[in-house]
Amino acid sequence: MRIPVLALTDPLFLEHQPGRGHPESPLRLARTLDYLDQHKLMGVEFRQPRPATVEEVERVHGADLVEELKRLAGTTASIDLDTYTSPRTVDAAFAAAGAAVGAVEAVLQEEAATAFALVRPPGHHAEPERMMGFCFLNNAAIAAEAARAAGVERVLVLDWDVHHGNGTQAAFWNRRDVLYQSVHQYPFYPGTGAVDEIGRGAGAGYTVNVPFPAARTDADMGAAFHDVFLPVAQAFRPELVIVSAGFDAHEDDPLGGMLCTERGFAAMCSAVKSLADEVAGGRLVLLLEGGYSLTGLPRSVHACLEVLAGRRDEFPGGTSREAERVIHATRDALRSYWPI
Ligand SMILES: [Zn+2]
């Protein structure tokens, strides 16, 4: 019988230590795992994944980046102003990418109905040739490539982290086999993700950005899903849905400026689950990205696991005018490619 929800995590993830006071602290995941232990859910099974292989990583990243990362093993080093290694960081990064691949494999092999990789370090800012923004290897892109290598024709990567996933966008910029959709705060770190960034060449129309101003709510997220993401995805018909699930759009997050709640994240998760059930044979994988509130993150992850295990949440009504304006601009940029 298939496991309803496979949760993949590894003690190594707690050993990546970017330094005292850094928001991407091991406590994020430690508190989340404690909360999940105190609020156990039926149907959720935990497992430790294997690390990613160099071959799996190099489907996304250049050999130079992989060499540079391997040289950093065992060291304490600074990659950029907010990205630091500790002695076990490289092992943790390979383990995180491996958890993402393992989540895809479990779902494709019908061992699990859905999977959630509870990882650190996060991945969506890591570009094919550049580590940045707390990220070393792009877990979502590596997972999407693992699915392609296993014969999946079309993969959707949907990114609801409050930051734009510049790395994932760059990895699939020219391609139509992987559709990238992101809703994020804008202007904001890392600066990319404007409505007119839609992909290029064969990939034109296969990058979808909804750049919201700060202070958007659960209802605004609902509008992004119902008016843009879901209709485009239904036309694309992915065979697998991968979510870059960051929870830094939470109202308590110290970095993000949004007003989402755990019930909003549950509604987003319900929407992608229904989409996966409708077009992708139910194949759905969530990967943890950001989320820096040590209370909001555990509750939001738990809410999403509840949805994967069978609960359903709806978005509240009441879309703001500011959100409607952005959604209108995104639809204008993509109307010649999709029925929106
Ligand atoms: Zn983020």
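The rows are residues; the columns are (1) farther than 26 Å from H184 by Cα; (2) outside any strand (DSSP E or B); (3) within 16 Å of the ligand (Cβ to nearest atom).
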{"site": "K70", "(1), (2), (3)": "yes, yes, no"}
{"site": "I79", "(1), (2), (3)": "no, no, no"}
{"site": "A97", "(1), (2), (3)": "no, yes, no"}
{"site": "G102", "(1), (2), (3)": "yes, yes, no"}
{"site": "A113", "(1), (2), (3)": "yes, no, no"}
{"site": "V119", "(1), (2), (3)": "no, yes, yes"}
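Could you tell me whether S182 is within 16 Å of the ligand (Cβ to nearest atom), under 16 Å from the mean Cα position of the chain (by Cα) and in contact (Cβ under 8 Å) with a residue 12 or more places away in the chain?
Numbers: within 16 Å of the ligand (Cβ to nearest atom): yes; under 16 Å from the mean Cα position of the chain (by Cα): yes; in contact (Cβ under 8 Å) with a residue 12 or more places away in the chain: yes.
Considered against the rule, which asks whether it is within 16 Å of the ligand (Cβ to nearest atom), under 16 Å from the mean Cα position of the chain (by Cα) and in contact (Cβ under 8 Å) with a residue 12 or more places away in the chain, S182 comes out as yes.
Considering only the range 276-293, state which residues are over 16 Å from the mean Cα position of the chain (by Cα) and either more than 15 Å from the ligand (Cβ to nearest atom) or over 26 Å from A215 (Cα atoms) (or both). Write out each step before concluding.
So in the range 276-293, the residues over 16 Å from the mean Cα position of the chain (by Cα) come out as 277-282, 293.
Once the filter is applied, which keeps residues that are over 16 Å from the mean Cα position of the chain (by Cα) and either more than 15 Å from the ligand (Cβ to nearest atom) or over 26 Å from A215 (Cα atoms) (or both), the range 276-293 yields D277, E278, V279, A280, G281, G282.
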**Study point:** Yes/no for A147 being away from the ligand (no atom under 16 Å from the Cβ), of a type in the set (A, V, I, L, M, F, W, C) and touching a residue at least 24 places away in the same chain (Cβ under 8 Å)
**Key:** yes
Review point. Before we move on, is A140 buried (at least 24 other Cβ atoms within 10 Å of the Cβ), at pLDDT 95 or above and not in a loop (DSSP other than H, G, I, E, B)?
Key: yes
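Considering each of R325, R335, R321, R299 in turn, give the residue that is open to solvent by 40 Å² or more (accessible area, probe 1.4 Å), touching a residue at least 24 places away in the same chain (Cβ under 8 Å) and more than 16 Å from the ligand (Cβ to nearest atom). Step through it out loud before you land on a result.
Values: R325 fails: touching a residue at least 24 places away in the same chain (Cβ under 8 Å); R335 fails: touching a residue at least 24 places away in the same chain (Cβ under 8 Å); R321 fails: touching a residue at least 24 places away in the same chain (Cβ under 8 Å).
Sole residue among the options that is open to solvent by 40 Å² or more (accessible area, probe 1.4 Å), touching a residue at least 24 places away in the same chain (Cβ under 8 Å) and more than 16 Å from the ligand (Cβ to nearest atom): R299.
Can you say whether R120 is open to solvent by less than 10 Å² (accessible area, probe 1.4 Å) and under 18 Å from A140 (Cα atoms), as far as the supplied structure shows? Before the answer, list the steps.
Details: open to solvent by less than 10 Å² (accessible area, probe 1.4 Å): yes; under 18 Å from A140 (Cα atoms): yes.
Here the answer is yes, as R120 does meet what is asked.
Rundown of residues vs (1) among the aliphatic types (A, V, I, L, M); (2) surrounded by 14 or more Cβ atoms within 10 Å (Cβ to Cβ); (3) more than 30 Å from P298 (Cα to Cα); (4) at pLDDT 95 or above, yes/no style:
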residue	(1), (2), (3), (4)
G43	no, yes, no, yes
D64	no, no, yes, yes
L69	yes, yes, no, yes
A73	yes, yes, no, yes
D91	no, yes, no, yes
G98	no, yes, no, yes
Study note, to complete from the structure: Scanning the range 252-275 for residues that are within 16 Å of the ligand (Cβ to nearest atom) and farther than 10 Å from D218 by Cα gives D252, D253, P254, L255, G256, G257
Check your understanding: Any idea which residue in the range 302-318 is nearest to the ligand (Cβ to nearest atom), counting only those that are open to solvent by less than 10 Å² (accessible area, probe 1.4 Å) and under 14 Å from H250 (Cα atoms)?
Key -> C304
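Table: residues versus (1) more than 16 Å from the ligand (Cβ to nearest atom); (2) open to solvent by 20 Å² or more (accessible area, probe 1.4 Å).
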{"site": "V210", "(1), (2)": "no, no"}
{"site": "P213", "(1), (2)": "yes, yes"}
{"site": "F229", "(1), (2)": "yes, no"}
{"site": "Q234", "(1), (2)": "yes, yes"}
{"site": "D248", "(1), (2)": "no, no"}
Check your understanding: So, of the residues in the range 195-214 that are outside any loop (DSSP other than H, G, I, E, B) and more than 16 Å from V326 (Cβ to Cβ), which turns out to be nearest to the chain's Cα centre (by Cα)?
Key -> G203
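Only one of these is surrounded by 19 or more Cβ atoms within 10 Å (Cβ to Cβ) and more than 17 Å from the chain's Cα centre (by Cα): T192, T217. Name it.
Details: T192 fails: more than 17 Å from the chain's Cα centre (by Cα).
The match here is T217.
The values are calculated or read from the model by the stated rules, or taken from the named source; none is laboratory data. All of these numbers come straight from a predicted model, not from anything done at the bench. Note that we place each Cβ from the backbone using ideal geometry, even for glycine, and neighbour counts take in every protein chain shown. Surface areas here come from the heavy atoms of the whole protein model, side chains and all, with no ligands, DNA or RNA. Shrake-Rupley method; radii C 1.70, N 1.55, O 1.52, S 1.80 Å.
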